[in-house]
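For reference, the structure is listed below as structure tokens.
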Amino acid sequence: MSDAPPNILYLHSHDTGRYVQPYGHPVPTPNIQRLADQGVLFRKAFCAAPTCSASRACLLTGQYGHNNGMLGLAHRGWSLNDYRQHLVHPLHNAGYHSVLIGEQHIAKRPDVIGFDRVVKIETTRVETVAPAAIEILAEPPPEPFFLSVGFFETHRDFLNPPSLRDALYSLPPPNLPDTPETRRDMAAYKASARSLDQGVGSVLEALDAHGLADNTLIVFTTDHGLAFPGAKATLYDRGLGVMLILRGPGGFAGGKVIDALVSHIDVYPTLCELVGIERPDFLQGVSLMPLIRGETTSVRDEIFAEMTWHAAYEPQRAVRTQRWKYIRRFGQRTTPVLANCDDSPSKSLLLSLGWAQRTVPFEQLYDLVFDPNEAANLVDDRACAEIRNELAGRLGSWMQDTHDPLLHGDPSPPAGAEINNPDQLSASEPTRRIG
């Protein structure tokens, strides 16, 4: 690595989870695979909140959602407590020029975030974002630069499956039944993932073409899991698990795979150490550089995650270790908050089969070795009582240490926020505006 600080390209998608080729799924994404082959892939990376705005806010402030203020969705009225805590500000102080292209999802008005330049484009889809990014890289901003390139894909609404073959043979996620509806739905997701991959490839090729690849660290990730039932907006691994691939100077090379537990909140402190800037006091994550240097095989014993609002209020918290997951729900509700699941053919199928009437336990405990699909709740198993108590204690201590507002009752939405009623079946139903 040269003495000059590297450029940083933050490439990110919507709702992709780990459903791409280098994580072993039958979703052809050759450009993302090439990025993994050349960089470092984190096999057990997790977001800190499985909703669009909260997840991105956690990564870009290095803090949990109840600490940075993003407990809900930015376009529905939530915002960061302090946009000066966004990553662009310490980078700016270190001489970085910052550019925002496409999706950002942490502010109603992107100009409040603090980027030196916000590229105005009509959509945040690959077809618009990729050409804009290529144009910027053709005449790059002053180096070092921080370039945020956000794609709408693989958010719903998906396009139709590109072929009858995909619609017939695509296998849905393992928590869903294998039916014509779910197969076709998964085939449509795969079409969106191919589009995402083409956008990633276009940007990577532009880096190469303009001689920027060797001194540019690429951080490629997504906000949270797939927009399918039981994934996005849940604290299961299907909702929290994210792709995370870094490629570039500082040791992020060689096609390495790291199995250590990693949280999105660890990206910020990692970049601080790599770039050589002082770590802000408010950061709650840990640097991943000891993993990259081979000094250790783990940097944390657990990851914590939270869900408060998506479309509707659904407060829950979780702690996950290498083997165990403990989820705690708050409030009195015993049935699913269905407005928090994006509308889809898969959701319609489950609703037709009685999903709305199924109960949701207040506590859940899963052995991720013998039950990686998180289907057998062991919270009432006497043999697991000690584990349950330990994890519940760790979760409680984390909530106390981070001053989680749930400890004092239901937090209030900000004035002007738009929320759905938890009894509604869809986020598309009329919302209530907080006065």
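The values are calculated or read from the model by the stated rules, or taken from the named source; none is laboratory data. On a predicted model such as this, the values are computed, not experimentally measured, just so you know. In this analysis, Cβ positions are derived from the backbone assuming ideal geometry, glycine residues included, and neighbour counts consider all displayed protein chains. Only protein heavy atoms, including side chains, enter the accessible area calculation; ligands, DNA and RNA are left aside. Shrake-Rupley method; radii C 1.70, N 1.55, O 1.52, S 1.80 Å.
Kindly evaluate residue 93 against the criterion of being within 29 Å of residue 311 (Cβ to Cβ) and either of a type in the set (S, T, N, Q) or surrounded by fewer than 23 Cβ atoms within 10 Å (Cβ to Cβ) (or both). Taking the combined requirement at face value, the residue does not satisfy it. For first residues located in region 320-344 and in contact (Cβ under 8 Å) with a residue 40 or more places away in the chain and closer than 18 Å to residue 51 by Cα, partners that are part of a strand (DSSP E or B) and open to solvent by 40 Å² or more (accessible area, probe 1.4 Å) and lie 6+ apart or on another chain with Cβ distances below 6 Å form the pairs 328/363. Looking across region 226-235, just one residue is open to solvent by 10 Å² or more (accessible area, probe 1.4 Å) and touching a strand residue (DSSP E or B) at 6+ places or on another chain (Cβ under 8 Å), and that is 234.
Does region 308-319 contain at least one residue that is open to solvent by 20 Å² or more (accessible area, probe 1.4 Å) and either β-branched (Val, Ile, Thr) or not in a strand (DSSP E or B) (or both)? There is no residue in region 308-319 that is open to solvent by 20 Å² or more (accessible area, probe 1.4 Å) and either β-branched (Val, Ile, Thr) or not in a strand (DSSP E or B) (or both). Beta carbons closer than 7 Å, at least 6 apart along the sequence or on distinct chains, pair a first residue in region 202-231 that is closer than 14 Å to residue 140 by Cβ and polar (S, T, N, Q) with a second that is at pLDDT 95 or above and open to solvent by less than 10 Å² (accessible area, probe 1.4 Å) for 215/6; 215/7; 216/6; 216/7; 216/9; 216/207.
Out of all the residues in region 307-330, is one or more of a type in the set (Phe, Trp, Tyr) and more than 21 Å from the chain's Cα centre (by Cα)?
Yes, that holds for at least one residue.
Summed over region 19-53, the residues that are basic (Lys, Arg) and surrounded by 24 or more Cβ atoms within 10 Å (Cβ to Cβ) give a count of 0. Within the bounds of region 130-146, is there any residue that is part of a strand (DSSP E or B) and at pLDDT 95 or above? Yes, there is a match, as at least one residue in region 130-146 is part of a strand (DSSP E or B) and at pLDDT 95 or above. Can you tell me which residue within region 216-256, out of those that are assigned to a strand (DSSP E or B) and hydroxyl-bearing (Ser, Thr, Tyr), is nearest to residue 103 (Cα to Cα)? Once the filter is applied, the top-ranked residue is 222.
Close Cβ contacts (under 7 Å, 6 or more residues apart or on different chains) running from residues in region 9-26 that are outside any loop (DSSP other than H, G, I, E, B) to residues that are polar (S, T, N, Q) and open to solvent by less than 10 Å² (accessible area, probe 1.4 Å) comprise 9/216; 10/148; 12/221; 12/222; 13/154; 13/222; 21/29. Determine if region 77-91 includes at least one residue that is touching a residue at least 12 places away in the same chain (Cβ under 8 Å), among the charged types (D, E, K, R) and closer than 20 Å to residue 227 by Cβ. So far as region 77-91 goes, no, none of its residues is touching a residue at least 12 places away in the same chain (Cβ under 8 Å), among the charged types (D, E, K, R) and closer than 20 Å to residue 227 by Cβ.
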